[in-house]
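Asker: One structure coming up, written as structure tokens, with questions to follow.
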Amino acid sequence: MLCRDTGQHSSVTRGDAPRILELYSGYRFSKLTTIRRQRPAAFRQVVELAAAKQTDKAFAKLLELGAVTAQKKTPASSCPASASASSA
């Protein structure tokens, strides 16, 4: 069994065996159409919106759910990533 989400993670052409099998082989493929993983249902709605490429609505729903919060801006000198980058 091969599993792949053709809507994600496009690879280089030469290494794209699952897509090539899907397009040119005689194999029959199944398609999963129901999102079951996210719980509670409100988060499942966010994923369904994102999957339908309605990212503005998905993000608005995350805001409504309180799943997105703003952080205070920190000076670059206190950020671990910038400290390691400047020492390289």
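The values are calculated or read from the model by the stated rules, or taken from the named source; none is laboratory data. Note that the structure is a prediction, hence the values are computed from the model and not measured. Here Cβ is always computed from backbone atoms with ideal geometry, including for glycine, and neighbour counts include all displayed protein chains.
Asker: Return yes or no: is Lys53 without any contact (Cβ under 8 Å) to a residue 24 or more places away in the chain and part of a helix (DSSP H, G or I)?
Answerer: In short, no.
Asker: Write out, first by first residue and then by second, each pair whose Cβ atoms fall under 8 Å of each other, whose residues are 6+ apart or on separate chains, and whose first residue, in the stretch 56-67, is under 13 Å from Pro40 (Cβ atoms) while the second is in a helix (DSSP H, G or I) and polar (S, T, N, Q).
Answerer: Lys61/Gln45
Asker: State whether the residues of the stretch 16-23 include one that is exposed (fewer than 11 other Cβ atoms within 10 Å of the Cβ) and either modelled with pLDDT of 80 or more or not in a helix (DSSP H, G or I) (or both).
Answerer: Within the stretch 16-23, one or more residues are exposed (fewer than 11 other Cβ atoms within 10 Å of the Cβ) and either modelled with pLDDT of 80 or more or not in a helix (DSSP H, G or I) (or both).
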